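One structure is given below, encoded as structure tokens.
The values are calculated or read from the model by the stated rules, or taken from the named source; none is laboratory data. Note that this is a predicted model, so its numbers are computed, not measured. Every residue, glycine among them, receives a Cβ derived from its backbone with ideal geometry; neighbour counts consider all protein chains shown. Just the protein is used for accessible areas: all its heavy atoms, side chains included, with ligands, DNA and RNA removed. Shrake-Rupley method; radii C 1.70, N 1.55, O 1.52, S 1.80 Å.
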Amino acid sequence: MSATDSAAAPANYASAPFEPKVIASEGIKPDEYDAICDRLGRHPNRAELGMFGVMWSEHCCYKNSRPLLSQFPTTGKRVLVGPGENAGVVDFGEGLRLAFKVESHNHPSAVEPFQGAATGVGGILRDIFTMGARPLAVLNSLRFGDLEDAKTRRLFEGVVSGISHYGNCVGVPTVGGEVYFDKAYSGNPLVNAMAIGLMETDDIVKAGASGIGNPVLYVGSTTGRDGMGGASFASAELTDESMDDRPAVQVGDPFLEKSLIEACLEAFKTGAVVAAQDMGAAGLTCSTSEMAFSGGVGVELDLDLIPEREAGMVPYEYLLSESQERMLFVAEKGREQELIDIFHRWELQAVVAGQVIEEPIVRILFEGEVAAEVSASALADNTPIYKRELPDEPPAYAQAAWKWSEADLPGATESGVAGKSWNELLNTLLDTPTIASKRWVYRQYDHQVQNNTVFMPGGADAAVVRLRPVNNPDVNSQRGVAATLDCNPRYVYLHPYEGAKMAVAEAARNLSCVGAEPVAVTDNLNFGSPEKSIGYWQLAEACRGLSEACREFDTPVTGGNVSLYNETLDSDGKPQPIWPTPVVGMVGLIEDLGHIASQGWKNEGDAIYLLGAASNDSSGGVTLGASEYLASVHDTVAGMPPIVDFALEAKVQKACRDGIAQGLVASAHDCAEGGLAVALAESCIAGEKGAEIQLDGAGVRGDRLLFAEGGARIIISVAAENIAAWEAHLNGTLAGNWQKLGQVKGDRLTITAVQTTAAQPMIDSSVAEMAGTWGNAIERRLG
Amino acid sequence: MQGIASIDRQKHQQGISMKFGIIVFPGSNCDRDMQWVAQGILKQPTRMVWHEDSDLSDIDIVVVPGGFSYGDYLRCGAIARFSPAMKSTVEHAKASKPVLGICNGFQILTEAGLLPGALVRNANLHFVCDRVPLTVERNDLIWTKNYSQGQTITIPVAHGEGRYHADDDQLKRLEDNNQVVFRYSKGENGDSANPNGSCNDIAGICNEQGNVMGMMPHPERASDAVTGSTDGLALFEGLVKTLVAA
């Protein structure tokens, strides 16, 4: 049913034993209050009201996004566990099973960047090891405002140190991701963390409770008042008063989490654990109700048995606490002590705090009385759903932006645009924090621990990690996982459907550039308020694009996270939404780590190729619309973003992967923000070598030739002895969609348009100088 | 090898192997990385030694691995030194048997008094994870037999508190006794690769006898070609070869 169906004033709300502001403070709307009463057959008490508040928040029940998420493809030949569990699990062959998921911690990071980001990492790791998988890598997708702004610098530095603090101590390498800067994220940074784990237990551990009379174990840390109501907090707009919500931000203890990982995996291997659920958002409330609902049983929990951090807590506080590093287990009756001993050995809490009951309810006991009793379904499944209608036509901002055309730019000459030379323009782009090296960030992350990290962060288009079972030193593996997080939110803002498709296409392209076959997706939908027409249009259109693209690339969605209401109120009290940002986390399979590729040139004399749309393409697949160039140089956010050509993407990506598998490819790098010229410069910088490039610029403006984006393009370098085989491979698979651009040479990047009459190449730039600009852009702004 | 006790010679003449013991504290996180190198790559018998275990009698080489023992909330290594396994490690060292501390292990060895000086917060206050060039200062130790003196090797670092500090007298004694084993290298332009502000560019030191070594860089992370470098494997290979031959 829909809670908004009733047009009349909700009757129960009017007679509620709570002040309206108390109900509102739980994030519950008047109609929803009546829906709660319908399900209970009475008014809720204070603790129950709090439980409904968190469980019916967008963060927990997806009331605004569920109808849209249902269109995602979620099954496939490698999918072992799809959405609905703590994480998705995919089959990577040779007995290797991979759990992975992305989750956001945007709102906490906005008010307390260090702990907000740290506990974001802690939370996503728990989702992985709850399944019985040992976390082997973390990636992050981070978005901030303009680095020129002191507040943004504080948020940026805080988030990076929080991730560093937690990830380094817990001993899981942070191997990659993305960092993006735009003033659209000034007051509302995005912190999305993705974790990947390798299954260590024979059976995948699931959340559904079973076995009437089985004991419910509480393990891990103690329960305190920290993080009260974090899920509701995360489902509302940020205001100046949000700073007062800092108690809603949890405090993490990575040392405890490290011990919890070891103890949980040890416990699962005993076979005495029937089900497990981590306590993240909505703590005890969420874990008890989801375990009960998934298992079709009930859970009775006695709060007097819960290890507490502070005295005098009331049921409401126990139930809504988001204290970190806690888990709930259902154990086999009679074997609870065996499990408790393991946790005590790791100096962790472990107590029997309840039991599985037949009646499908969550019953909470406190001081000998029933403190709350709610149907599990009402909390975890039979929750409100809001179906909204798309506006009749795209919003005015988008229609206006689509009218932009190249003709709106100042004229281009052979030497540059608006008095700036091509060299200067390339430098401007390399100095853009979004494009520039993220070394300042990843140098603070332990990206090597566990001894499986194949590429340094930034060295290749995707992170590559060997899939060696860490707990078994007698087994090695030649298999690897490639992983990436991608989203160009400017594309999505300007055209949510095309932009979302491109996020999937780019993720798949990045995996293909290291030689990995794209397998599956976890997505993090970061949007503004769906209650507004524009916000809903962005969300719905992006979901449509994601669904279509995931089908096209045969990369099912196995789970993810929805973060709505990413808005800040400006000084006039007007909500300013972020750019719609559907972050795509994708994992890919590498069957042989002996055949992979990174992005830097390898040897002098290697030939350089461009796969994908031609450098002088004018079909619309390659465009300056929505480009970084347009935004950074011309301060213009407009135009149609590049349109994804699925057939071309698939052909190009396969040609790249197959070339790498055949050992023909020396380096591979896709063209993304900044277009062809920036991609060539990055391959020069990474390889510490120059290149001599000729481009066919017939009929195309110089800036489009150099800086246009899109077109499914990948730059490949090939050693001289492989040229014949490589070109034969391309002629067989990609005829008409590849060209030779030049060769790796010297210590300068030169780019010449073949039609030019100018005396100088368009670009003639020292690799060392470009490396300096690109390498120091972020550090320089931090001062 | 001067000062290094021969360890069950007969066993090693027959089996040609050295048994590694890797101390595991709550919060250790490079213990399995070390195990992979000792057992997985070098095929040496290896035992994970729980911090509450005080029996090291079967162990030839004790490794105190990297990580955040007990969370390192007080001071790195300050609590770990009191564990039963560390008390036995001190005995192991006093019996002239080899003890290696890597990263957090180095910090623990200084806290336990097996090595002089202290490791303090990096000069720039940030955690640093990178691959840095080191100069091998001496190759007459069990640890460095496979290197040549003055050789530059590239080894990963990953630490927040890796700035080696000692007072002037102590530094002088270290230098006079030739106890600096690895130093962060100076590049062609004279810039040091020192990532943390360590005194005298010190990356690793040994005790006077040479059987105890501590280093902030992680040789076990440079022992497997697939992760990019094997410059660190030579340390372990040389160690096993030298001890077996002793």
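A:R657 falls short on exactly one of the conditions (1) touching an Asp or Glu at 6+ places or on another chain (Cβ under 8 Å); (2) open to solvent by less than 10 Å² (accessible area, probe 1.4 Å); (3) over 25 Å from A:T752 (Cα atoms), and that condition is (2). When the stretch A:200-222 is filtered for residues that are touching a helix residue (DSSP H, G or I) at 6+ places or on another chain (Cβ under 8 Å), among the hydrophobic types (A, V, I, L, M, F, W, C) and open to solvent by 10 Å² or more (accessible area, probe 1.4 Å), only A:V205 remains.
Within the stretch A:310-335, residues that are part of a helix (DSSP H, G or I) reach partners that are open to solvent by 60 Å² or more (accessible area, probe 1.4 Å) with beta carbons closer than 7 Å, at six or more positions or on different chains, in the pairs A:Y316/A:R46; A:E317/A:R225.
The combined condition, being within 22 Å of A:G252 (Cβ to Cβ) and in a strand (DSSP E or B), is fulfilled by A:G176. Of all residues in the stretch A:379-388, one or more are touching a residue at least 60 places away in the same chain (Cβ under 8 Å) and of a type in the set (S, T, N, Q). Applying the criterion of being over 17 Å from the mean Cα position of the chain (by Cα) and either open to solvent by less than 50 Å² (accessible area, probe 1.4 Å) or not polar (S, T, N, Q) (or both) to the residues of the stretch B:55-71, the residue that is farthest from the other protein chains (Cβ to nearest Cβ) is B:L56. Considering each of A:G224, A:G230 in turn, give the residue that is at pLDDT 65 or above and more than 14 Å from chain B (Cβ to nearest Cβ). Criteria check complete, one pass: A:G224.
Taking the stretch A:361-473 as the region of interest, the helices (runs of 4 or more DSSP H) fully inside it that hold 3 or more residues being in contact with a helix residue (DSSP H, G or I) (Cβ under 6 Å, 6 or more places away or on another chain) and away from every other protein chain (no Cβ under 14 Å) are A:376-380, A:422-430. Taking the numbered list (1) at pLDDT below 95; (2) among the polar types (S, T, N, Q); (3) touching a His at 6+ places or on another chain (Cβ under 8 Å) in turn, A:S619 passes all entries but (3). Residues that are touching a Leu at 6+ places or on another chain (Cβ under 7 Å), surrounded by 23 or more Cβ atoms within 10 Å (Cβ to Cβ) and closer than 29 Å to A:H165 by Cβ were ranked within the stretch B:157-183; the one that is farthest from the other protein chains (Cβ to nearest Cβ) is B:Y164. Within the stretch B:139-184, the residues that satisfy the criterion of being within 30 Å of A:T453 (Cβ to Cβ) and either in a helix (DSSP H, G or I) or aliphatic (A, V, I, L, M) (or both) are B:L141, B:I142, B:I153, B:I155, B:V157, B:A158, B:V180, B:V181.
Evaluating A:A771 against the criteria (1) more than 30 Å from the chain's Cα centre (by Cα); (2) assigned to a helix (DSSP H, G or I) leaves one unmet condition, (1).
Residues in the stretch B:106-131 that are acidic (D, E) and at the interface with chain A (Cβ under 10 Å from one of its Cβ atoms): B:D130 alone. Please count how many residues of the stretch A:349-382 are open to solvent by less than 10 Å² (accessible area, probe 1.4 Å) and either within 17 Å of A:E48 (Cβ to Cβ) or more than 35 Å from the chain's Cα centre (by Cα) (or both). Qualifying residue count for the region: 7. Take the conditions (1) open to solvent by 50 Å² or more (accessible area, probe 1.4 Å); (2) away from chain A (no Cβ under 14 Å); (3) touching a helix residue (DSSP H, G or I) at 6+ places or on another chain (Cβ under 6 Å); B:E52 misses just one of them, which is (2).
Please go through the stretch A:594-625 and pick out each residue that is open to solvent by 10 Å² or more (accessible area, probe 1.4 Å) and farther than 23 Å from A:E649 by Cβ. The answer is A:G594, A:K602, A:N603, A:E604, A:G605. Comparison of A:G271, A:G296 shows that the only residue that is more than 14 Å from every other protein chain (Cβ to nearest Cβ), touching a Pro at 6+ places or on another chain (Cβ under 7 Å) and open to solvent by 30 Å² or more (accessible area, probe 1.4 Å) is A:G296. Taking the criterion of being part of a helix (DSSP H, G or I) and either of a type in the set (A, V, I, L, M, F, W, C) or buried (at least 19 other Cβ atoms within 10 Å of the Cβ) (or both), would at least one residue in the stretch A:743-755 satisfy it? The answer is no; no qualifying residue exists.
Look at (1) within 14 Å of chain B (Cβ to nearest Cβ); (2) open to solvent by less than 10 Å² (accessible area, probe 1.4 Å); (3) under 19 Å from the mean Cα position of the chain (by Cα) and you find that A:V170 fails only one, number (3).
Residues that are without any contact (Cβ under 8 Å) to a residue 24 or more places away in the chain and within 14 Å of chain A (Cβ to nearest Cβ) were ranked within the stretch B:198-227; the one that is most open to solvent (accessible area, probe 1.4 Å) is B:A225. Identification of strands (runs of 3 or more DSSP E) wholly contained in the stretch A:623-727 with 3 or more residues that are over 16 Å from A:D486 (Cβ atoms) yields A:691-695, A:714-718.
Here A:P17 fulfils each of the conditions (1) modelled with pLDDT of 95 or more; (2) not in a helix (DSSP H, G or I) apart from (1). Could you tell me whether the stretch B:138-156 includes any residue that is within 14 Å of chain A (Cβ to nearest Cβ), under 17 Å from B:A123 (Cβ atoms) and at pLDDT 95 or above? No: zero hits.
This table checks each residue for (1) on the phi < 0 side of the Ramachandran plot; (2) over 15 Å from the mean Cα position of the chain (by Cα); (3) open to solvent by 40 Å² or more (accessible area, probe 1.4 Å).
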{"position": "B:G77", "(1), (2), (3)": "no, no, no"}
{"position": "B:E91", "(1), (2), (3)": "yes, yes, yes"}
{"position": "B:L134", "(1), (2), (3)": "yes, no, no"}
{"position": "B:W143", "(1), (2), (3)": "yes, no, no"}
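Here is a check on your reading of the model: is B:P195 within 23 Å of B:F127 (Cβ to Cβ) and open to solvent by 10 Å² or more (accessible area, probe 1.4 Å)? So B:P195 passes the test. Checked against (1) touching a residue at least 40 places away in the same chain (Cβ under 8 Å); (2) out of contact with any helix residue (DSSP H, G or I) (no Cβ under 8 Å at 6 or more places or on another chain), A:S70 meets all criteria but (1).
Do the conditions hold for A:G499, that is, is it outside any helix (DSSP H, G or I) and either buried (at least 24 other Cβ atoms within 10 Å of the Cβ) or away from chain B (no Cβ under 11 Å) (or both)? Here the answer is no, as A:G499 does not meet what is asked. When A:S415 is tested against (1) surrounded by fewer than 20 Cβ atoms within 10 Å (Cβ to Cβ); (2) more than 33 Å from the chain's Cα centre (by Cα); (3) at pLDDT 95 or above, exactly one condition is not met: (3).
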